[in-house]
Amino acid sequence: MFRGKRGTRRVDCFRYPLCMTSQPPLPAGVTEVTESRSGPLDALVHPAWASLPWVVQGSTTRRGSRDFDLGLFSSGNPEEVVRANWAELATGARCRTVVHARQVHRADVHVVDGSRAPGRGRGGPAVVPDLLEPADGHVTDRADVLLAVTTADCVPVFLLDARARAVGAVHAGWRGAAAGILERAVGVMAAAYGTSAADLQLHLGPAICGSCYEVGPEVFEALGEPAPDAPTPIDVRAALARRAVGLGVAPEDVTVSSHCTRCTGSDLYSHRGGDAQR
């Protein structure tokens, strides 16, 4: 989740080393960060971004036995339960407009501007979240708009342009990464807000790590990575970090979460671990 905000709010962090793979390492200058949980939503928050007065950022957790499922398009929980969780998310983030979409593992990115009002039921209260056309990313420079993507192993990518006060949230599975979702998001922010890659801070959030995510050679090939001869673990976040630096994002402005959805005991959902929730 990601929200531009004019007031002051804070968010959260933990500590685990990234697991190693046979892939190239993170680009020099890219750092690992450890998010910890705090606040009403128990969200994992970038420690350096927690102090920014105009941003709320984080990745929600299971919240222990609470089962805080936000998967509207998966089979984890009944829709009324999931909708109630979305309403709690909006309340906890102090935001009335929450933007989400069915994710299709492609490279479409929405620009969310003031022309979009919160979705409403038939004369009833605002519907949370406000569902846009299918897409895997959203960007905005509007205050009090919460951008939301859902994950359960895929990489949540957070983009922040402090100069333009613009933010983006992207869902990047390997198919979306191969389709160019990261490059598309940077290009959309450039067109909408004059953002250059050099303006960006970019965070690759909690996702399945490079030891837990074994895939076939075709995935390596799709991502432009050296392909092994047999199924091998891949670090999608490392691949995305290399792409970000290749676009011109300064390595020191790229961070990678230490949390793995499978192996770090971080209270996160994992599709490979058998979870249907998001």
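The values are calculated or read from the model by the stated rules, or taken from the named source; none is laboratory data. Treat the numbers as computed from the prediction; the structure is a model and nothing was measured. Using ideal geometry, Cβ is built from the backbone for each residue, glycine included, and neighbour counts are taken over all protein chains shown. Note: accessible area is taken over every heavy atom of the protein model, side chains too, but ligands, DNA and RNA are not part of it. Shrake-Rupley method; radii C 1.70, N 1.55, O 1.52, S 1.80 Å.
Summary of computed values
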read-out: Neighbours by Cβ (under 6 Å, 6+ apart or cross-chain): first from the range 186-200, without any contact (Cβ under 8 Å) to a residue 40 or more places away in the chain; second assigned to a helix (DSSP H, G or I) and surrounded by 18 or more Cβ atoms within 10 Å (Cβ to Cβ); value: Thr195/Met189
read-out: Check on Pro17, at pLDDT 85 or above, open to solvent by 40 Å² or more (accessible area, probe 1.4 Å) and assigned to a loop (DSSP other than H, G, I, E, B); value: no
read-out: Unique match (being small (Gly, Ala, Ser), within 30 Å of Ala230 (Cα to Cα) and under 17 Å from the mean Cα position of the chain (by Cα)) among Ala179, Ala166; value: Ala179
read-out: Those residues of the range 167-199 which are among the charged types (D, E, K, R) and out of contact with any helix residue (DSSP H, G or I) (no Cβ under 7 Å at 6 or more places or on another chain), in sequence order; value: Arg175, Arg184, Asp199
read-out: Filtered residues of the range 223-267 (kept if in a loop (DSSP other than H, G, I, E, B) and open to solvent by less than 20 Å² (accessible area, probe 1.4 Å)); value: Leu223, Ile234, Asp235, Val249, Ser258, His259, Thr261, Thr264, Ser266
read-out: Condition check for Arg102: modelled with pLDDT of 95 or more, charged (D, E, K, R) and within 20 Å of Val155 (Cα to Cα); value: yes
read-out: Hits in the range 174-222 (condition: outside any helix (DSSP H, G or I), farther than 20 Å from Asp153 by Cα and open to solvent by less than 10 Å² (accessible area, probe 1.4 Å)); value: Thr195, Leu200
read-out: Per-region count, the range 44-59, residues surrounded by 23 or more Cβ atoms within 10 Å (Cβ to Cβ) and either part of a loop (DSSP other than H, G, I, E, B) or among the hydroxyl-bearing types (Ser, Thr, Tyr) (or both); value: 3
read-out: Exclusive hit being modelled with pLDDT of 95 or more, hydrophobic (A, V, I, L, M, F, W, C) and open to solvent by less than 40 Å² (accessible area, probe 1.4 Å), set Leu70, Leu41; value: Leu70
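For every residue, the table says whether it meets (1) under 13 Å from Ala135 (Cβ atoms); (2) touching a Lys or Arg at 6+ places or on another chain (Cβ under 8 Å); (3) among the acidic types (Asp, Glu).
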site: Asp67; (1), (2), (3): no, no, yes
site: Glu80; (1), (2), (3): no, no, yes
site: Arg83; (1), (2), (3): no, no, no
site: Arg94; (1), (2), (3): no, yes, no
site: Arg106; (1), (2), (3): yes, yes, no
site: Val111; (1), (2), (3): yes, no, no
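Conditions tested, residue by residue: (1) in contact with a Phe, Trp or Tyr (Cβ under 7 Å, 6 or more places away or on another chain); (2) open to solvent by 10 Å² or more (accessible area, probe 1.4 Å); (3) at pLDDT below 95; (4) aliphatic (A, V, I, L, M).
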site	(1), (2), (3), (4)
Arg94	no, yes, yes, no
Arg106	no, yes, no, no
Asp113	no, yes, yes, no
Gly119	no, yes, yes, no
Thr140	no, no, no, no
Ala162	no, yes, no, yes
Ala166	yes, no, no, yes
